[in-house]
1. Within segment 263-278, can one find any residue that is over 18 Å from the mean Cα position of the chain (by Cα) and either away from the ligand (no atom under 16 Å from the Cβ) or not small (G, A, S) (or both)?
2. Taking V284 as the residue in question, decide whether it is within 10 Å of the ligand (Cβ to nearest atom) and either out of contact with any helix residue (DSSP H, G or I) (no Cβ under 8 Å at 6 or more places or on another chain) or closer than 26 Å to G81 by Cβ (or both).
3. Taking segment 307-322 only, how many residues are surrounded by 14 or more Cβ atoms within 10 Å (Cβ to Cβ), in a loop (DSSP other than H, G, I, E, B) and either more than 10 Å from the ligand (Cβ to nearest atom) or small (G, A, S) (or both)?
4. Does D139 qualify as being more than 16 Å from the ligand (Cβ to nearest atom) and acidic (D, E)?
5. If you take the residues of segment 283-306 that are β-branched (V, I, T) and in a loop (DSSP other than H, G, I, E, B), which of them is surrounded by the most Cβ atoms within 10 Å (Cβ to Cβ)?
6. Scan segment 248-264 and tell me whether some residue there is modelled with pLDDT of 90 or more, in contact with a Leu (Cβ under 9 Å, 6 or more places away or on another chain) and not aliphatic (A, V, I, L, M).
7. Which one of the conditions (1) among the aliphatic types (A, V, I, L, M); (2) touching a strand residue (DSSP E or B) at 6+ places or on another chain (Cβ under 6 Å); (3) not in a strand (DSSP E or B) does L273 fail to meet, given that it meets all the rest?
Amino acid sequence: MISAAENAFFDTIANFDEFGKTTVMVPFVWEVDGITGTTLKAINEYWTSRQRQANSLHEISYRACFKPQLPEFFIQRLTTGGDAVYDPFMGRGTTPLEALLMGRKPMGNDINPLSQVLLSPRLNPPTIKEIEERLEAIDLSNADEEYEDLLHFYHKDTLREIISLKEYLLKREEEGTIDNIDAWIRMVAINRLTGHSSGFFSVYSLPPNQAVTAKRQKKINEQRNQVPDYRAIKPRILKKSKSLLKDWKGVRLDAFENDLTGVLSTSDSRKVLLIPDDSASLVVTSPPFLDIVDYQGDNWLRCWFIGVDSSTIEISQLKAIEDWEDTMTDVLKDLKRIVKPGGHIAFEVGEVRGGKVLLEENVVRCGVKAGLEPIIIMINDQEFTKTANAWGVDNSKKGTNTNRIVIFSVPERSDIISAIKHCVLSVINWWNADMLPLFESLYGESWKDFFSKISPKQITQEKTKLATTIFTNRLNSCIKRKLGDKFEIANDTSFDVTFNVNGEIYPVEQKLTTQPVNAKYHTWTGNHVSNKVGPHLLIRLEIDDNGKITGVYVGLLELDRCDITKWSSTKSDVNYATLKLRWSDRNQLQDILGKQLQQNSFIRFDYYRLDNSEEE
Ligand SMILES: C[S@@+](CC[C@H](N)C(=O)[O-])C[C@H]1O[C@@H](n2cnc3c(N)ncnc32)[C@H](O)[C@@H]1O
């Protein structure tokens with residue numbers, strides 16, 4: 001269901017003309033496991049290099065980072081002050097930093113520990129004076145580690161200073177005495193390690209986000225006929241610090257009205273345990289685009305400086321599109337857990353393989369599989385920036401000159417009920433229209449004829465088995481696709497069916513004839529659910545003699561204090577099949593359904609009275 005806010009956002013994108021061009025809309029029709037939909041691609045220049053400069057604090061280099069204007073665009077339009085904004089692939093931390101600068105709570109994750117090292121000091125910067133004093137106090141004359149290969153990049157005295165600083169920082173970290181001033185110095189030093197101007201520690205090389213191997217540096221030196229000259233590191237750190245802090249107004253986290261203390265994590269983005277459920281209002285992120293960028297190789301020197309062997313980090317570099325889709329579906333499922341219902345996810349991918357692979361289309365399918373609603377696909381057609389050309393990226397082959405962003409919404413709680421309704425309805429439609437004829441062609445006779453030949457006891461068992469396997473599997477996959485892992489059909493689900501065969505009723509209780517009435521209900525409950533305590537959503541289907549499903553009831557059940565008699569069949573002229581959907585969070589279920597469903601009672605979805613409403 002599209003909310004008013006989403007409609008407004010959609011209109012903003014559709015009518016956008018801030019940079020003199022009108023938006024072009026192209027429909028994209030997708031199909032996921034038999035479900036189809038259309039999402040519009042909106043093409044325009046939504047942010048541009050001609051726009052006002054972003055805050056100077058962003059200006060550190062990182063491979064495949066996005067411009068701050070990208071997260072700013074979404075933070076501005078889809079959040080308000082104090083909301084949390086998250087990026088599961090944060091890289092240099094463009095999204096969390098921009099979030100903080102806009103008065104939002106920053107949350108981020110990246111599998112590479114380098115990301116936290118690059119971001120956290122910029123969320124809490126020291127003053128220039130503090131940096132200056134600390135630099136003066138650090139002794140750079142003693143270095144233990146020997147690393148001869150690095151002499152292809154650095155003069156021996158520069159290398160001694162770099163290693164001294166590295167060892168000082170690691171020691172402070174080990175002792176737990178590292179503070180935001182040390183952390184700042186470390187972040188800036190990382191950004192000065194290699195580059196091609198005199199502001200860097202190294203002789204001419206590639207930028208720090210793309211360190212070459214020592215062997216390759218040796219070749220560069222030979223080709224350019226260059227020898228590393230001495231570059232004092234302290235003044236270079238100070239100079240870059242001044243330029244980074246140019247726009248920083250000295251505002252600290254606690255100066256904002258809201259508590260903006262963030263959370264940063266170093267995990268695989270498929271399961272980021274440190275980030276709680278329903279904690280973010282918006283995600284703005286950009287994953288690795290297949291295997292286009294070698295994040296491990298490019299960051300080897302930076303990782304060495306922080307004491308990490310980059311080859312041991314399990315960075316996703318997935319060549320096969322199927323593997324990429326599987327990973328991104330899992331990531332989007334975790335984002336669905338993290339983003340509050342009604343919140344949004346802006347998932348950016350670049351142009352890859354010369355435009356032959358339209359990754360944004362794969363992203364839409366991944367999101368639908370994860371249970372998200374695609375709202376719109378934005379294609380930001382921007383001019384390729386000077387910076388990118390200067391770093392020698394060949395735009396037409398390796399570079400990405402358009403940002404392609406799929407905007408998803410996380411379904412509202414009320415939408416959860418509609419999603420369940422949708423799944424149940426589509427499975428019922430399929431059952432009545434396709435499954436029953438299929439049954440007939442498989443068994444050579446109708447449902448009714450087939451079951452009329454066996455004993456009443458067997459009938460119950462056989463029908464239960466059949467219905468359980470077929471209906472449950474189908475419903476389960478639909479619910480998982482729409483709602484993700486918050487739901488499951490309980491492992492112990494059985495269709496507890498009361499069947500009406502040839503006018504005689506064989507309810508499930510028939511199986512327990514030796515028990516007195518009340519006890520038999522409780523035994524039944526105990527047998528089926530004793531190890532599955534917790535809130536469940538019950539879906540009860542009415543099935544007629546011919547196997548056709550004729551109606552649906554939904555109920556709420558607390559299995560630890562269930563009085564089965566209250567929700568057991570009260571009507572004896574119809575067959576029932578009851579499914580239990582286990583909910584992972586009791587409070588959440590109460591929140592969601594409390595107003596709509598009474599404990600131990602059913603509501604009927606008239607919509608599903610297929611025999612009445614649909615055929616009339
Ligand atoms: C395109 S970059 C993100 C750049 C970021 N938007 C920025 O502005 O700096 C992708 C990031 O994903 C990280 N990454 C790759 N595989 C990951 C995984 N499985 N879990 C978490 N992060 C991962 C890489 O380390 C890299 O920093």
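1. Checked segment 263-278: no residue is over 18 Å from the mean Cα position of the chain (by Cα) and either away from the ligand (no atom under 16 Å from the Cβ) or not small (G, A, S) (or both).
2. When the stated conditions are applied, V284 passes them.
3. Total meeting the criteria: 2.
4. For D139, the condition - more than 16 Å from the ligand (Cβ to nearest atom) and acidic (D, E) - is met.
5. This residue is I306.
6. So the first thing to find is which residues in segment 248-264 are modelled with pLDDT of 90 or more, and the list is 263-264.
So of that shortlist, the ones also in contact with a Leu (Cβ under 9 Å, 6 or more places away or on another chain) come out as 263-264.
From what is left, the residues that are not aliphatic (A, V, I, L, M) are none.
Looking through segment 248-264, none of the residues is modelled with pLDDT of 90 or more, in contact with a Leu (Cβ under 9 Å, 6 or more places away or on another chain) and not aliphatic (A, V, I, L, M).
7. (2)
Conditions tested, residue by residue: (1) in a strand (DSSP E or B); (2) at pLDDT below 90; (3) within 21 Å of E72 (Cβ to Cβ); (4) not assigned by TED's automatic domain parsing to the domain that holds M25.
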site	(1), (2), (3), (4)
E325	no, no, no, no
V331	no, no, no, no
D334	no, no, no, no
R337	no, yes, no, no
A346	yes, no, yes, no
E361	no, no, no, no
V364	no, no, no, no
G371	no, yes, no, no
I376	yes, no, yes, no
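The values are calculated or read from the model by the stated rules, or taken from the named source; none is laboratory data. Bear in mind the structure is a predicted one, so any value in this text is a computation, not a measurement. Note: ideal-geometry Cβ built from the backbone for every residue, glycine included; neighbour counts use all protein chains shown.
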